[in-house]
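All of the numbers you see were taken from the coordinates with simple rules; none came from a lab. The structure displayed is predicted, hence computed values, not measured ones. A quick note on method: Cβ atoms are made from the backbone with ideal geometry, for glycine too, and the neighbour counts reach across all protein chains shown.
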Amino acid sequence: MSEKADTFLFPDGQRSNVVKLPWRKFPAIAIQGDTWSIYLSNLRRSLSLAQKMGDEVLIDELEYLVECFESQQENYESILKENGYSLPYENSVK
């Protein structure tokens with residue numbers, strides 16, 4: 001379910017913006033879905049390199065970040081699908 005809300009936009013670029021939702025104390029960073037997908041791809045590549053190097057601490061940290069990013073992207077993809085939007089990138093998380 002979606003609802004309309006007035007927001008305050010602090011434009012700062014093409015790939016992201018700072019948005020203040022009325023019910024939140026502080027503004028949020030709004031990142032375009034295709035940009036998020038690129039960030040996730042970069043994290044996955046970094047994880048792959050860390051695995052090749054055998055750095056367990058780095059692997060653990062990157063696995064956590066990849067999981068967080070994948071979870072957010074899955075949510076984003078579900079919301080787009082439920083509301084009739086296509087993905088702004090080709091490779092879905094799923």
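A few notes on this one:
- Residue in the stretch 67-81 that is in contact with an Asp or Glu (Cβ under 8 Å, 6 or more places away or on another chain) and under 12 Å from Trp36 (Cβ atoms) present: no
Yes or no, residue by residue, for (1) touching a helix residue (DSSP H, G or I) at 6+ places or on another chain (Cβ under 9 Å); (2) of a type outside the set (Gly, Ala, Ser):
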| site | (1), (2) |
| --- | --- |
| Trp23 | no, yes |
| Ala30 | no, no |
| Gly33 | yes, no |
| Arg45 | no, yes |
| Glu61 | yes, yes |
| Ser71 | no, no |
| Pro88 | yes, yes |
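- Index of the failed condition, Ile31 passing every other in (1) loosely packed, with under 11 Cβ neighbours inside 10 Å; (2) closer than 28 Å to Asp6 by Cα: (1)
To keep it simple, each residue is scored yes or no on (1) touching a Pro at 6+ places or on another chain (Cβ under 9 Å); (2) more than 20 Å from Leu9 (Cβ to Cβ); (3) free of Cβ contacts under 8 Å to residues at least 12 places away in the same chain.
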residue: Arg24; (1), (2), (3): no, no, yes
residue: Gln32; (1), (2), (3): yes, no, no
residue: Leu47; (1), (2), (3): no, yes, no
residue: Asp55; (1), (2), (3): no, yes, yes
residue: Gln72; (1), (2), (3): no, yes, no
residue: Asn75; (1), (2), (3): no, yes, yes
residue: Asn83; (1), (2), (3): no, yes, no
residue: Glu90; (1), (2), (3): no, yes, yes
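- Verdict on Ala28 being farther than 22 Å from Ser92 by Cα and within 14 Å of the chain's Cα centre (by Cα): yes
- All of Asn83, Asn75, Asn42 fail the test of being in contact with a Ser or Thr (Cβ under 7 Å, 6 or more places away or on another chain) and surrounded by fewer than 15 Cβ atoms within 10 Å (Cβ to Cβ), apart from Asn83.
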